[in-house]
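Notes follow once the structure below has been shown.
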Amino acid sequence: MAKRLINWRVVAHVVGSLLMITGFLMAFSLPFSYYYDDGMHFYIIISCLITFGTGLSSRIITRKNHNDEIKKREGYLIVTLGWLSMAVFGTLPYYISSSIPSIHDAFFETMSGLTTTGATILGETGHKISELAPSLLFWRSMTQWIGGMGIIVLTIAILPLLGIGGMELFIAEAPGPTKDKIHPRIKETAKRLWVIYFGLTAIETVALMFAGMNFYDAINHALTTNSTGGFSTKDGSIGEFHSPLIEYIITIFMFIAGTNFTLLYFGFKGKLKYFFKNDEFKWYLMAVIGLTIVLIPFVYNYYGSLEETFRTVLFQVVSMITTTGYASADFTLWGPLVTFVFFLLLFSGASAGSTSGGIKIVRIVVLMKNGFLEFKKRLHPNAVIPVQLNKEPIPTKIIYNLLAFIFLYLFIFTTGAVLLTAFGVKFDEALSAVATSLGNVGPGIGDLGPSGNFGNLPDPTKWILALLMLMGRLELFTVALLFTPYFWRRN
């Protein structure tokens with residue numbers, strides 16, 4: 001008997017486990033429903049039972065396969081179908097309660113949450129954020145926290161093993177089961193990373209309460225800061241609190257969340273030398289400081305106070321470079337040059353191995369170094385000059401992998417923009433909508449900027465953008481590979 005190309009039963013078993021976790025975490029919204037008496041408890045319970053029950057049924061049916069080997073093909077399917085399944089079932093509280101009656105909008109909002117994108121159909125026009133039931137707002141924040149929790153382990157422990165888009169680079173930065181790593185087993189690595197993730201969330205919750213937020217707002221914003229998601233409980237985002245202290249606290253935690261979690265682990269262990277030895281972290285820090293200094297003169301006239309200008313610019317720079325997407329002000333009102341700078345940040349992202357989206361600084365740094373070395377090679381054609389990261393040479397195959405990733409990223413960006421304009425979306429908004437979705441950032445420009453939302457886009461474009469969010473979150477190749485005939489062929 002011919003061996004099966006794909007072991008679907010082991011895929012279903014793992015996806016079932018993810019749905020059970022989703023259903024369990026969905027129940028955390030119930031206390032808020034009872035406390036605020038928002039009438040959503042029945043719908044949340046039904047959603048929990050459907051989600052958890054579906055996952056449990058899948059696990060029971062495939063229980064004989066729980067020890068089966070997960071090969072590369074199954075790995076790609078589990079990652080993609082797992083995220084997709086959680087997004088589908090995550091829509092239930094919104095949809096069956098009719099709080100977001102459109103399935104297009106409900107799926108868009110959920111996918112935006114789980115991919116930690118932060119783009120929303122809620123806002124000043126149409127459905128307001130403040131009009132959504134408190135328990136559903138908490139579930140909305142929880143989807144981002146779940147997505148951030150998953151992406152930490154995915155990018156640090158799983159994708160390097162699958163060889164996704166140059167993710168092998170991070171073997172030089174202690175992300176997976178190799179020498180000098182957190183722990184040689186993925187399960188133990190995950191536990192240690194999640195302890196940090198949970199701890200940062202708890203610390204920020206307390207800090208925000210100290211700064212004047214109530215517990216509900218504090219825990220919601222802590223969930224969406226550490227996931228670099230950016231969902232807020234307020235229509236005006238962070239700017240609605242009018243608190244410099246809150247802005248500084250969230251800025252600090254956004255920056256931390258945009259740092260490689262492996263470095264954070266070593267930092268908590270007192271091994272600070274890893275920060276100073278890490279090229280990506282140094283570039284990340286310099287980018288934040290440099291952009292803030294450069295933009296302050298262009299924004300100062302809008303505020304007149306140096307401290308307020310510094311705080312507002314720093315907040316927006318960190319928010320955009322970490323792909324969090326919070327807003328303390330509308331940067332699109334600061335002039336076309338500043339707007340263009342923030343548009344470029346839609347592509348960047350912060351550190352690899354963080355909850356941040358985007359291309360990631362490490363890829364940009366390696367490609368820049370490779371570009372400069374090409375000039376040297378023109379002058380010294382016989383010289384062997386390897387590209388180095390953290391003073392270690394990078395294999396040529398990884399450089400090619402990175403180039404392929406960048407090409408695919410730009411190809412998908414261009415294709416997505418063409419599709420959106422075909423559905424009647426304005427050119428500049430199409431570019432920013434695709435860039436912010438693919439980079440998992442949140443706000444774009446124009447009507448999709450920090451003061452706008454995605455609610456008025458044509459329904460087909462919401463599905464396109466949701467797919468782009470998923471592709472961007474899962475490092476492109478994970479999803480794109482499923483659309484190629486090579487994946488489904490035995491040879």
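Only the coordinates and a few stated rules stand behind these numbers; no lab work does. Computed from a predicted structure; not experimentally measured. Heads up, the Cβs are rebuilt from the backbone with ideal geometry, glycines too, and the neighbour counts pull from every protein chain shown.
Of all the listed residues (SER328, SER354, SER319, SER348), the sole one being within 21 Å of ALA404 (Cβ to Cβ), surrounded by 18 or more Cβ atoms within 10 Å (Cβ to Cβ) and of a type in the set (S, T, N, Q) is SER348.
Per-residue answers, yes or no, for (1) in contact with a Phe, Trp or Tyr (Cβ under 7 Å, 6 or more places away or on another chain); (2) among the small types (Gly, Ala, Ser):
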position: GLU74; (1), (2): no, no
position: VAL79; (1), (2): no, no
position: TRP83; (1), (2): no, no
position: PRO93; (1), (2): yes, no
position: PRO101; (1), (2): no, no
position: ASP105; (1), (2): no, no
position: THR115; (1), (2): no, no
position: GLY123; (1), (2): no, yes
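Taken together, the residues in the range 358-412 that are within 30 Å of THR228 (Cα to Cα) and in a loop (DSSP other than H, G, I, E, B) amount to 6.
Kindly state which helices (runs of 4 or more DSSP H) lie completely within the range 233-337 and contain at least 2 residues that are in contact (Cβ under 8 Å) with a residue 40 or more places away in the chain and closer than 21 Å to ILE151 by Cα. Because the criterion is at least 2 residues that are in contact (Cβ under 8 Å) with a residue 40 or more places away in the chain and closer than 21 Å to ILE151 by Cα, the helices (runs of 4 or more DSSP H) in the range 233-337 that meet it are 244-257, 261-268, 279-299, 306-321. For the range 130-146, the condition of being touching a Leu at 6+ places or on another chain (Cβ under 7 Å), surrounded by fewer than 20 Cβ atoms within 10 Å (Cβ to Cβ) and over 20 Å from ALA190 (Cβ atoms) holds for none of the residues.
For the range 97-119, a residue qualifies if it is surrounded by fewer than 19 Cβ atoms within 10 Å (Cβ to Cβ) and among the hydrophobic types (A, V, I, L, M, F, W, C), and exactly one does: ILE103. Filter the range 120-151 down to the residues that are part of a loop (DSSP other than H, G, I, E, B) and of a type in the set (S, T, N, Q) and list them by number. Residues satisfying the conditions are THR120, THR125. Contact annotation: residue pairs with Cβ atoms under 9 Å, 6 or more positions apart or on different chains, pairing a residue in the range 462-491 that is acidic (Asp, Glu) with a partner that is in a helix (DSSP H, G or I), are GLU475/LEU154; GLU475/THR155; GLU475/LEU159; GLU475/MET167; GLU475/PHE405.
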